[in-house]
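> Provided herewith is a single structure, encoded as structure tokens, for subsequent inquiry.
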Number of protein chains: 4
Amino acid sequence: MIVMIRPDVSPEKIEHLIKWLRDKKLIVKEFHGQQQCVLGLIGNTKCIDKDMLKSLDIVESVADMPETFKASNRKMHPEDSILRLVSGNGPAIGGGNFALIAGPCSVESRSQLIGIAQEVKAAGANFLRGGAFKPRTSPYDFQGMGSEGIDLLLEARAETGLPIVTELMYLQNLDLFIEKGIDVIQIGARNTQNYDLLKELGRCTKAPILLKRGLAGTIKELLMSAEYIMANGNENVILCERGIRTYEQDYTRNTLDLSAVPVLKSLTHLPVIVDPSHSTGRSDLVPSMTLAAIAAGADGIIVEVHNDPANALCDGAQSLTPEAFAALSAKIDKLREALA
Amino acid sequence: MIVMIRPDVSPEKIEHLIKWLRDKKLIVKEFHGQQQCVLGLIGNTKCIDKDMLKSLDIVESVADMPETFKASNRKMHPEDSILRLVSGNGPAIGGGNFALIAGPCSVESRSQLIGIAQEVKAAGANFLRGGAFKPRTSPYDFQGMGSEGIDLLLEARAETGLPIVTELMYLQNLDLFIEKGIDVIQIGARNTQNYDLLKELGRCTKAPILLKRGLAGTIKELLMSAEYIMANGNENVILCERGIRTYEQDYTRNTLDLSAVPVLKSLTHLPVIVDPSHSTGRSDLVPSMTLAAIAAGADGIIVEVHNDPANALCDGAQSLTPEAFAALSAKIDKLREALA
Amino acid sequence: MIVMIRPDVSPEKIEHLIKWLRDKKLIVKEFHGQQQCVLGLIGNTKCIDKDMLKSLDIVESVADMPETFKASNRKMHPEDSILRLVSGNGPAIGGGNFALIAGPCSVESRSQLIGIAQEVKAAGANFLRGGAFKPRTSPYDFQGMGSEGIDLLLEARAETGLPIVTELMYLQNLDLFIEKGIDVIQIGARNTQNYDLLKELGRCTKAPILLKRGLAGTIKELLMSAEYIMANGNENVILCERGIRTYEQDYTRNTLDLSAVPVLKSLTHLPVIVDPSHSTGRSDLVPSMTLAAIAAGADGIIVEVHNDPANALCDGAQSLTPEAFAALSAKIDKLREALA
Amino acid sequence: MIVMIRPDVSPEKIEHLIKWLRDKKLIVKEFHGQQQCVLGLIGNTKCIDKDMLKSLDIVESVADMPETFKASNRKMHPEDSILRLVSGNGPAIGGGNFALIAGPCSVESRSQLIGIAQEVKAAGANFLRGGAFKPRTSPYDFQGMGSEGIDLLLEARAETGLPIVTELMYLQNLDLFIEKGIDVIQIGARNTQNYDLLKELGRCTKAPILLKRGLAGTIKELLMSAEYIMANGNENVILCERGIRTYEQDYTRNTLDLSAVPVLKSLTHLPVIVDPSHSTGRSDLVPSMTLAAIAAGADGIIVEVHNDPANALCDGAQSLTPEAFAALSAKIDKLREALA
């Protein structure tokens, strides 16, 4: 249920109403916009007399929220959410703050990682990505450097100042990620509906969660997965379109669904970013799909960059060289200016 | 088979080789670029001694062309094709010439059509679209105004100077389309593999054919359908991405596959345009998807504009108002400038 | 609109009502079951006063038919349709009459075709299939023997008595098919929404039309395509599930959607058959998928049989040998008995 | 790598070879068939001199195994695996032992569960299914009775003797499942690629794992997920086809991919069962899809039965009544006899 408060109502009166609603065992989300305050009610709203609520002099209107996604719903929070890192430092995400996240698919060595980190920073990236724990379809494949990879990421952060984005695969590593202060915790496409993991991400941290859409996940399912995190206490969720599984498999690995960007932006206040690397699986398509994603309204891009794509341990075919990334970054700036 | 001719070979020598190859019953496509001439051979190339060909002093190199699409293959014609209308007038399409095709889904009346035509022209459109014969899933639904609609389109052309794009559904109407001088003949998604129709479009006209991708057609199938037209004599084919059928159906009608744009541009020299209206089915998504399509490299856009979307006889939900189209057109200009 | 007539109403009274309805420019379909007569009304049923109709003493009940498919709707015709050949001879199809349609993908030669025809007949087939005109994605591929192939099919019919099922690709061949007396005219997946062709099949013949589901066609679209034929005068349509296009492409060509069989049987009175050869593309899967289709309720099977699959000009990998077909046919008999 | 041992080689000689191979740090799977012994080698087989191995007099042949799935590969284990419960009691699964698994979607109450258990047992079921922990897309929905539901399942087992099949959603519940002696642990479609969970199922138990195919999972991915369990020590995996996500959503929830049954049976020795309830989402389609699955070669069926479908807390629309289940069970018997 959505309660619009009249403009110019005093904070005390609003607080009083919120307290009364919370006493009814409802979760109350407050959104304080420039003009107006909106209250979003989650829970058994049947216990509320809607007509009574409407008749209150501080209330402008009351509306049901038929959508199954609640905390992530833009009706609750009409302006874009702006996410901040736990450290309080570093770039914000969403609401006009563009996230340019770049780095190698896998952390392979100290020199590889720090070299790439310096290059992507110089080219304009404001986050460093890199996989320490890798999800692999086969149990017999390279599974990443593990906690050693995490330490290298922290070194790269110390060296460059770039906050770190890395994937959490296993619940038992969550403590490690929190303790080490991973800035943005990525949840991969295979874990998008691992509700166990999502709940703990809600309970145990306030770090932004970069949540990828499932391999063949619907937009609604992506929002419902965000809801699992948010309902458990962490409202800092970044949604990521990363291509969906379709019949077209001759020329691209997945089909990048860019219409999901404006659809999501209309449904939710959360930031929406795009991964042009995994979706296409082809570095030659990454620049055009990056520009298209930005033109579609994305709040950021997560892109793979490798200093030696031909010899990357993982996903080399989709990685840009640092030079190609720098050229792309310059185009991104020009494009964002034109769209502003 | 692709034969690269050395630079600075005289036209006579090239002609001589071509004649010799044609005597072997091969189809020979000539591409004369700024630097170099390329010959593409289609047919039973096994009858040619490849080593002998390589040894000729006018030949730089010979390569097989494993792709099943031949005439449309960029290897045959390394530069973008630039298509022209049969009339010789009007805008060119491809190779940097942007096609902004706008108009109503269906032609409904003289005043509707001419009103919209004038408005889209004023806003920057260089082609007028409008359906006279409508493909309908149900035999009991409105099937369009038919040849009367064609006449109204011609009136609108006379009035505004905008060349006409309209859909040919039935083979028996091809003569009418040719006789009336329809500028660009559109083939809809249900007819993409109607080979009968495609062959006749190759045999009977040189008018540009706007060929839409099938409802769940692959990129390869789209190229092979273009091949049916080209192999029968008409090389003026415009490819159109219009959304593919996927499991995601809650928020969009189809999934617009924008990665198809750079994929097609790499495979073929033909112009590639995008239909953001039918793919999404939602007018609020049309502006962002239009900009994304252009950022992805599209050579044009075909978009529905209706003066009264709420009362359109067909597909009103996806039509822009003339005002929204004018605003979009201004953004397109800014975007194209930034990308140039 | 569906009008249930009371039991024991005289034929004259029913005729009288039908005449009155037809005078209102409605199409009236009559279904005379063992117990009761049902009238199905198609057209502008708003011109009818439903309450008045209900109040007639010969009318038991009146119900709207919200479905967009009308003539094919089981509500119009509660019992299974039983289709007969134009010749009046040969097996019926539907309503418990099982169609076992077998033969080569393409007609290749007299000896090949007649040899296979005799073998499949001996093994229990009651129809012979064979392609004379082949739909090929590439214009450069073998397109079938054409009318010469048709003549060979007729010879095989004369020799074995098996009625012929063969694909019509081009409208201009329809006269040939009718003149030659092709028993069952097959419409392939690429032509399922070629409305032009469907209309003419309705207007020009009463021969059963074997209508395949589109490559990525919905169940509703298949019914609407049947409707195009039926609304134009030919009610003899056989629906054919032949696999749909999905993301799973590693082990099968298409995904055979067997749940479409009971879904279609519940929605329509038309016979529903299954093509296990094209859907899977693998002869080793044909026997199990044939048995599964029959267990799912199919009214028939169309299966490819070739005497020399390894050297077939087309689709050898999916063809059974005559021996394998004979073994399968024996299993079909056993299975149908168990399910009876 | 696959090593075929000559017939009539003594067990001691085989043991000797196996020891030698294990000393090379290879995993060696032994399959002792009626005629012959097969050794399957997993790991870094490059350390083996293949020619030397071939030259041994006890070795008949050596072949590479290019497939990425190893332990589940039928080449390793040419005969069907036959799985047994940890208790040593109860029915076997696979190799001709048919699993008829029936019961409610969710455990709702003692009387509901025991009533249904008795009815399905009387009708021929040999396993009882029931969900205690429910995966729900929304965090706000009923999540199952939890451990209380587990206790009710154990009571129903005590009462009827039917072994229990129930879903494990969360890793932290694995200990509970093992301690309580859950007979068959089900892994749902959202957890098919939760590798963390799969590894622990390999390490901590020998109970059969009923592994469902992912929502849009490929056949290969399903096998690779089985591989995660098997490579970690538990070879008792049952694969379950449960419908895949496709564009067809009007009449069924998912598209049941029955060709996956013979495909899987050809690739792996593991038992393959089918869930006709979740795939279709419609109880009226369950009987025909059950029979079709069996005709396709399934080793079992898992089907929802509820005494009061209209008031089920979950998935009532797809549940059979006990009467309908009994009728279906009788048909299954007749069908299996005919197919034997």
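The values are calculated or read from the model by the stated rules, or taken from the named source; none is laboratory data. Remember, it's a predicted structure, so these values are computed and weren't measured experimentally. Counting neighbours? That spans all protein chains shown, and the Cβs are built from the backbone with ideal geometry, glycine included. Accessible surface areas use protein heavy atoms only, side chains included; no ligands, DNA or RNA. Shrake-Rupley method; radii C 1.70, N 1.55, O 1.52, S 1.80 Å.
> Which one of these does D:Gly214 not meet: (1) in a helix (DSSP H, G or I); (2) closer than 30 Å to A:Pro66 by Cα; (3) not charged (D, E, K, R)?
D:Gly214 satisfies every listed condition except (1).
> Residue under question is B:Glu148, and the condition is that it be on the phi < 0 side of the Ramachandran plot, of a type outside the set (Gly, Ala, Ser), at pLDDT 90 or above and surrounded by 16 or more Cβ atoms within 10 Å (Cβ to Cβ); does it hold?
Details: on the phi < 0 side of the Ramachandran plot: yes; of a type outside the set (Gly, Ala, Ser): yes; at pLDDT 90 or above: yes; surrounded by 16 or more Cβ atoms within 10 Å (Cβ to Cβ): no.
No; evaluated as a whole, the condition is false for this residue.
> Considering only residues that are among the acidic types (Asp, Glu), open to solvent by 10 Å² or more (accessible area, probe 1.4 Å) and facing chain A (nearest Cβ under 7 Å), which ones fall in the stretch B:223-252? It would help to see each step written out before you state the result.
Narrowing the stretch B:223-252 to residues among the acidic types (Asp, Glu): B:227, B:235, B:241, B:248, B:250.
Checking the rest, the ones that are also open to solvent by 10 Å² or more (accessible area, probe 1.4 Å) come to B:235, B:250.
Answer for the stretch B:223-252, where residues must be among the acidic types (Asp, Glu), open to solvent by 10 Å² or more (accessible area, probe 1.4 Å) and facing chain A (nearest Cβ under 7 Å): just B:Asp250.
> Shifting gears a bit: What residue, of D:Leu113, D:Leu162, is in a loop (DSSP other than H, G, I, E, B) and either open to solvent by 40 Å² or more (accessible area, probe 1.4 Å) or touching a Leu at 6+ places or on another chain (Cβ under 8 Å) (or both)?
Being in a loop (DSSP other than H, G, I, E, B) and either open to solvent by 40 Å² or more (accessible area, probe 1.4 Å) or touching a Leu at 6+ places or on another chain (Cβ under 8 Å) (or both) holds for just one of D:Leu113, D:Leu162, which is D:Leu162.
> Within the stretch C:299-321, how many residues turn out to be open to solvent by 10 Å² or more (accessible area, probe 1.4 Å), aliphatic (A, V, I, L, M) and modelled with pLDDT of 85 or more?
Final tally of qualifying residues: 2.
> Assuming C:Lys220 fulfils every condition listed in (1) buried (at least 24 other Cβ atoms within 10 Å of the Cβ); (2) within 13 Å of chain B (Cβ to nearest Cβ); (3) closer than 24 Å to C:Thr68 by Cβ apart from one, which condition is it?
Single failed check for C:Lys220: (1).
> Under the condition of being away from every other protein chain (no Cβ under 13 Å), within 21 Å of B:Lys46 (Cα to Cα) and within 21 Å of the chain's Cα centre (by Cα), which residue from the stretch B:61-80 is most open to solvent (accessible area, probe 1.4 Å)?
Ranking the candidates gives B:Lys75 first.
> Sticking with this structure for a sec: Across the stretch A:201-211, which residue is nearest to the other protein chains (Cβ to nearest Cβ) among those that are touching a helix residue (DSSP H, G or I) at 6+ places or on another chain (Cβ under 8 Å) and open to solvent by 10 Å² or more (accessible area, probe 1.4 Å)? Please lay out each step first, then the result.
Here is the first cut: in the stretch A:201-211, the residues touching a helix residue (DSSP H, G or I) at 6+ places or on another chain (Cβ under 8 Å) are A:201-202, A:204-205, A:207, A:209, A:211.
Restricting the remaining residues to those that are open to solvent by 10 Å² or more (accessible area, probe 1.4 Å) gives A:204-205.
On the way: A:Cys204: 14, A:Thr205: 17 Å.
Result: A:Cys204.
> Now, a different point. Which residues, taken from the stretch D:30-60, are open to solvent by less than 20 Å² (accessible area, probe 1.4 Å) and assigned to a helix (DSSP H, G or I)?
Within the stretch D:30-60, just D:Leu53 meets the criteria.
> Only one of A:Leu174, A:Leu197 is open to solvent by less than 10 Å² (accessible area, probe 1.4 Å) and at the interface with chain D (Cβ under 9 Å from one of its Cβ atoms). Can you tell me which? Before the answer, list the steps.
Numbers: A:Leu174 fails: at the interface with chain D (Cβ under 9 Å from one of its Cβ atoms).
Result of the check over A:Leu174, A:Leu197: A:Leu197.
> Counting just the residues of the stretch D:266-306 that are more than 17 Å from C:Ala293 (Cβ to Cβ) and without any contact (Cβ under 8 Å) to a residue 40 or more places away in the chain, which one comes out farthest from the other protein chains (Cβ to nearest Cβ)?
D:Val272
> Looking only at the stretch B:309-340, which residues are over 13 Å from B:Ile116 (Cβ atoms), outside any helix (DSSP H, G or I) and away from every other protein chain (no Cβ under 14 Å)?
Result: B:Leu313, B:Cys314, B:Asp315.
> Another one. Among the residues of the stretch C:253-265, which ones are at the interface with chain D (Cβ under 8 Å from one of its Cβ atoms) and open to solvent by 10 Å² or more (accessible area, probe 1.4 Å)?
Hit for the stretch C:253-265 is C:Pro262, nothing else.
> Which number in (1) part of a loop (DSSP other than H, G, I, E, B); (2) in contact (Cβ under 8 Å) with a residue 40 or more places away in the chain; (3) of a type outside the set (Asp, Glu) marks the one condition that A:Met145 misses?
Unmet for A:Met145, out of (1) part of a loop (DSSP other than H, G, I, E, B); (2) in contact (Cβ under 8 Å) with a residue 40 or more places away in the chain; (3) of a type outside the set (Asp, Glu): (2).
> Restricted to the stretch A:19-29, and to residues that are of a type in the set (D, E, K, R) and in contact with a strand residue (DSSP E or B) (Cβ under 7 Å, 6 or more places away or on another chain), which residue is surrounded by the fewest Cβ atoms within 10 Å (Cβ to Cβ)?
Once the filter is applied, the top-ranked residue is A:Arg22.
> Same structure again: As an exercise: evaluate A:Thr192 against (1) within 14 Å of chain D (Cβ to nearest Cβ); (2) open to solvent by 20 Å² or more (accessible area, probe 1.4 Å); (3) of a type in the set (Val, Ile, Thr) and give the number of the one condition it does not meet.
(2)
> Mind telling me which of the residues C:Ala207, C:Ala226 ends up being closer than 23 Å to C:Ile27 by Cα, among the aliphatic types (A, V, I, L, M), in contact (Cβ under 8 Å) with a residue 40 or more places away in the chain and assigned to a helix (DSSP H, G or I)? Show your work before the answer.
Working: C:Ala207 fails: assigned to a helix (DSSP H, G or I).
Unique residue meeting the criteria: C:Ala226.
> Checking the condition open to solvent by 40 Å² or more (accessible area, probe 1.4 Å), within 14 Å of chain A (Cβ to nearest Cβ) and of a type in the set (Lys, Arg), which residue from D:Arg136, D:Arg157 passes?
Details: D:Arg157 fails: within 14 Å of chain A (Cβ to nearest Cβ).
Unique residue meeting the criteria: D:Arg136.
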